[in-house]
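The values are calculated or read from the model by the stated rules, or taken from the named source; none is laboratory data. The structure presented is a predicted model; accordingly, all values stated were derived computationally and were not measured. FYI the Cβ positions are ideal-geometry reconstructions off the backbone, even for glycines, and counts take in every protein chain you see.
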Amino acid sequence: MRTTFTRGSLVTAALACTAVHAQEEMEYVSNTFANTTLINTQTIETVPRKRSFGFMIQHRFGAVGPDEQAWKQFAGLDLPANIRFSFQWAPFNHMHLEVGRSKNGKTWDLGAKWRVLRQTEGNEHAVSLTVLGNVALMTDDFPPVGDNLYFGDGTTPFVYRFEHRLSYNAQAIIGRRFTRWLAVEMAPVLTYRNLVPVNGSNLTAAVAMGARIRTTVKGSVIVECAPILVGRQEGDHREPLAIGYEVATLGHVFQIVLCSSAEIVEQRLYPSPMAPYEDGYLHLGFNIARTLLVKPKAPKP
């Protein structure tokens, strides 16, 4: 019995050493995307290092088309705009918490993002997988309503409550860097709003898709589209679209973008009407992101 136990122990130890060595040999793919957000959609990226920070500004001007108003409104800069500020903090490696505030609806959002799986150079893991969830709170004043307004059942008088201000978003983001110059991702997205207009859908389901095509060492063309599967707009429905050009340096990302909507937070973006981009109407905007990496703590002697 002792001989059998010893041999088994040696075999187990050898297998464990082999597994640890293989894990150490595994090389992960990095910089699939330059930032945690592509244009409007989330990417697989998180703030990469524990105790580090991220900050982002997303700005969308008013919609203009291919007519004289484009010049008169100075490419939409003279029109009402939407802006979102967000702050990220990583309590662990490859996981961050985020708080943001948007102008439209005076909306606050709070979320968490965790990179569950990382693509490897040897294709042991063919893709990266990141999950995200957040909750948004609309703090703008609700417009006054008359006594003759009812809920969807037509009999319950409408009373505006705090929970009506809340909405939720969950998604799983799958991405892969195929070459040094091409990265693609896809994300099933679910959003739920506690209060919607009459005949509106509380639930919206979409499939957000995006790609990053590097054109130079620091520059990339970025595109995204999000077909709506559930909760489509009544009448003429348009899918959210966006295209942009990105310049990424160490710790900084700057994007100039054209979007079909001025909305930024998912709970407002996917259920909202889009600009008639088939007629050339789009929203000019930009994203600026900064990552501040904190050095790991030195190991205790």
Review point. When residues of the stretch 107-141 are filtered for being assigned to a loop (DSSP other than H, G, I, E, B), hydrophobic (A, V, I, L, M, F, W, C) and crowded, with 16+ Cβ neighbours inside 10 Å, how many remain?
Key: 1
Check your understanding: Residue check, ASP140 against (1) touching a residue at least 60 places away in the same chain (Cβ under 8 Å); (2) charged (D, E, K, R); (3) touching a Lys or Arg at 6+ places or on another chain (Cβ under 9 Å), all met but one. Which one?
Key -> (1)
Study note, to complete from the structure: Quick count over the stretch 146-170, residues being of a type in the set (Val, Ile, Thr) and surrounded by 11 or more Cβ atoms within 10 Å (Cβ to Cβ), is 0
Practice item. Could you tell me which residue of the stretch 58-76 is farthest from LEU292 (Cα to Cα), considering only residues that are in a loop (DSSP other than H, G, I, E, B) and free of Cβ contacts under 8 Å to residues at least 60 places away in the same chain? Key: ASP67
Revision key, fill the gap. When (1) surrounded by fewer than 18 Cβ atoms within 10 Å (Cβ to Cβ); (2) in a loop (DSSP other than H, G, I, E, B) are applied to ILE83, the one that fails is (2)
Study note, to complete from the structure: Log entry, pairs with first residue in the stretch 243-270 being over 19 Å from PHE55 (Cβ atoms), second being among the hydroxyl-bearing types (Ser, Thr, Tyr) and in a loop (DSSP other than H, G, I, E, B), beta carbons closer than 7 Å, six or more apart or on different chains, reads SER261/SER272; GLU263/SER272; LEU269/SER261
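What strands (runs of 3 or more DSSP E) completely inside the stretch 234-296 contain at least 3 residues that are more than 18 Å from the chain's Cα centre (by Cα) and among the aliphatic types (A, V, I, L, M)? Full working, then the answer.
Working: elements: 241-249, 252-259, 282-292.
Counting at least 3 such residues, we get 282-292.
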**Study point:** Answer residue from the stretch 43-80, given it is modelled with pLDDT under 95 and of a type in the set (Lys, Arg) and is surrounded by the fewest Cβ atoms within 10 Å (Cβ to Cβ) among those
**Key:** LYS72
Review point. Does VAL189 satisfy being touching a helix residue (DSSP H, G or I) at 6+ places or on another chain (Cβ under 7 Å), surrounded by 14 or more Cβ atoms within 10 Å (Cβ to Cβ) and over 30 Å from LEU149 (Cβ atoms)?
Key: yes
Point to revise | Pairs where the first residue, in the stretch 191-209, is within 18 Å of ASP109 (Cβ to Cβ) and the second is surrounded by 14 or more Cβ atoms within 10 Å (Cβ to Cβ) and acidic (Asp, Glu), C-beta under 6 Å, 6+ apart | key: THR191/GLU266
Revision key, fill the gap. Being crowded, with 17+ Cβ neighbours inside 10 Å and either at pLDDT 95 or above or farther than 21 Å from MET138 by Cβ (or both) narrows GLU246, GLU234 down to just GLU246
